Amino acid sequence: MDITYIVGGIIVLLALWLAVAYNGLVRLRYRVKEAWSDIEVQLKRRYDLIPNLVETVKGYAAHESSAFENVTKARAAAMGATTAQEHAKTENMLTGALKSLFAVAEAYPDLKANQNFLELQRELSDTENKIQAARRFYNSNVKDMNTKVDSVPTNIIAGMFGFGKEEFFDLDETPAEREPVKVNF
């Protein structure tokens, strides 16, 4: 009789632990999804600002068509990305194209003084800061999720119920991208 209570108690404790571990993994999965949604909101804001910025610069530097085409192509590629890894790659390309566009703008003093251009530049800078904050929040949640998925004993539950590791959203720049853009006229 006493052994029955002990075995029953162990089974109840094991079931409670299983439920708590499972719910913790579910909570982390939703936190990762929510954090990714925050990134997508900021990226959409960035994508919406870019055409206005390009049109403003076009008005002053119409003969710089390659810079405009590069920004447009990079924006289209970034908007079409589906995974965190694809987003990271295309966002790096878009950042490089925008650097070239701003380098073109440096050659036009009237453009640099244009209020519309300055406001767009400020909004884009603000958006870049928000993207970085959202990326840090997302990566923090991914780290928590991946730690749980890899850690004993929750890795057993993760495996049983199909919880997998998530991708980090890293915007690592290559050494060439860290260099200032050189413009020759």
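The values are calculated or read from the model by the stated rules, or taken from the named source; none is laboratory data. Note that the structure is predicted; figures quoted are calculated from it, not measured. With ideal geometry, Cβ positions are generated from the backbone for all residues, glycine too; neighbour counts draw on all protein chains shown.
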Original post:
Are any of the residues in segment 110-122 touching a Lys or Arg at 6+ places or on another chain (Cβ under 8 Å) and either in contact (Cβ under 8 Å) with a residue 60 or more places away in the chain or within 22 Å of TYR138 (Cβ to Cβ) (or both)?
Top reply: no
Subject >> Any hit, segment 138-146, residues being of a type outside the set (Val, Ile, Thr), part of a helix (DSSP H, G or I) and surrounded by fewer than 16 Cβ atoms within 10 Å (Cβ to Cβ) >> reply: yes
**OP:** Output the number of the condition that SER100 fails; it satisfies all remaining conditions of (1) among the hydroxyl-bearing types (Ser, Thr, Tyr); (2) closer than 23 Å to PHE169 by Cα; (3) surrounded by 15 or more Cβ atoms within 10 Å (Cβ to Cβ).
**Re:** (2)
**OP:** Considering every residue within segment 26-47, establish whether at least one is farther than 23 Å from ASN141 by Cβ, surrounded by fewer than 13 Cβ atoms within 10 Å (Cβ to Cβ) and hydrophobic (A, V, I, L, M, F, W, C).
**Re:** no
**OP:** Could you list, in sequence order, all residues of segment 1-19 that are surrounded by 12 or more Cβ atoms within 10 Å (Cβ to Cβ) and of a type outside the set (Phe, Trp, Tyr)?
**Re:** LEU18
Subject >> Which listed residue is among the charged types (D, E, K, R), at pLDDT 90 or above, in contact with a helix residue (DSSP H, G or I) (Cβ under 8 Å, 6 or more places away or on another chain) and more than 21 Å from LYS33 (Cβ to Cβ), from LYS58, LYS73 >> reply: LYS73
Original post:
Does ASN116 satisfy being assigned to a helix (DSSP H, G or I), polar (S, T, N, Q) and modelled with pLDDT under 90?
Top reply: yes
Original post:
Within segment 76-102, how many residues are of a type in the set (Val, Ile, Thr), in a helix (DSSP H, G or I) and touching a residue at least 24 places away in the same chain (Cβ under 8 Å)?
Top reply: 1
Original post:
Yes or no: THR127 in a helix (DSSP H, G or I), among the hydroxyl-bearing types (Ser, Thr, Tyr) and within 30 Å of GLU34 (Cα to Cα)?
Top reply: yes
**OP:** Filter segment 154-185 down to the residues that are out of contact with any helix residue (DSSP H, G or I) (no Cβ under 9 Å at 6 or more places or on another chain) and outside any helix (DSSP H, G or I), then identify the one that is modelled with the highest pLDDT.
**Re:** GLY162
Subject >> Pairs, first among the β-branched types (Val, Ile, Thr) in segment 19-35, second at pLDDT 95 or above and not in a helix (DSSP H, G or I), C-beta under 8 Å, six or more apart >> reply: VAL32/GLU166
**OP:** Working only within segment 108-118, note down all residues that are of a type in the set (D, E, K, R) and surrounded by 13 or more Cβ atoms within 10 Å (Cβ to Cβ).
**Re:** LYS112
Original post:
Going by the structure shown, is GLN132 farther than 19 Å from PHE68 by Cα and within 17 Å of the chain's Cα centre (by Cα)?
Top reply: yes
